[in-house]
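The values are calculated or read from the model by the stated rules, or taken from the named source; none is laboratory data. None of these values were measured; they are calculated from a predicted model. Note that each Cβ is placed from the backbone with ideal geometry, even for glycine, and that neighbours are counted across all protein chains shown.
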Amino acid sequence: MEQENEYFKNFGLLIPSGEGRAWPPPAKAHEMKEYEIWIGAYHLGQGSDPSTEPQMTAKVTASDFRIACLLYELRSMLSVIEEMEATGEYQDHQSCRWFYDFDRNRNSWTGQYFETKEEAQKTFNNG
């Protein structure tokens, strides 16, 4: 049993007796920063005009830009679901669907997220 306890301690796991340390080991605190999240050229389809200039969608405090975008997406989705529940609105398949691609840092409706207005401007033909 002592050998097993040592194994768990070495890998940072909590064992039933309370020995060991929390898993994962605490990371160093990251510096938090407020990020602006910008979107560039996009078109939502029929009945909607294409965007004509970059739009700042949010300001989010996070440890890095990609995490800021993820937090924005999660909060936005939660907000829509809560609003639909509060109003008794029917939640169809699309209203609960995940449109964010973390690997490419983009939303399938509005495209890539950018850290600055200047980066977003480059997605327009005149940019």
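Name, by its number, the condition in (1) at pLDDT below 95; (2) farther than 13 Å from residue 113 by Cα that does not hold for residue 34.
All conditions are met except number (1).
I'd like the residue in segment 34-81 that is within 15 Å of the chain's Cα centre (by Cα) and among the charged types (D, E, K, R) and, out of all such residues, is surrounded by the most Cβ atoms within 10 Å (Cβ to Cβ).
73
Quick one: is residue 28 in a helix (DSSP H, G or I) and modelled with pLDDT under 85? Let's see the steps before the verdict.
On the way: in a helix (DSSP H, G or I): no; modelled with pLDDT under 85: yes.
No.
Going by the structure shown, is residue 74 assigned to a helix (DSSP H, G or I) and not charged (D, E, K, R)?
When the stated conditions are applied, residue 74 passes them.
Considering only segment 82-127, how many residues are over 14 Å from the mean Cα position of the chain (by Cα), at pLDDT 85 or above and basic (Lys, Arg)?
Here the count works out to 2.
From the set of residues in segment 100-127 that are among the basic types (Lys, Arg) and under 22 Å from residue 61 (Cβ atoms), which is surrounded by the most Cβ atoms within 10 Å (Cβ to Cβ)?
106
Residue-by-condition table, conditions (1) outside the structural domain of residue 117 (by TED's automatic domain parsing); (2) out of contact with any Ser or Thr (no Cβ under 6 Å at 6 or more places or on another chain); (3) modelled with pLDDT of 50 or more:
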site	(1), (2), (3)
13	yes, yes, no
17	yes, yes, yes
21	yes, yes, no
24	yes, yes, yes
44	no, yes, yes
54	no, yes, yes
62	no, yes, yes
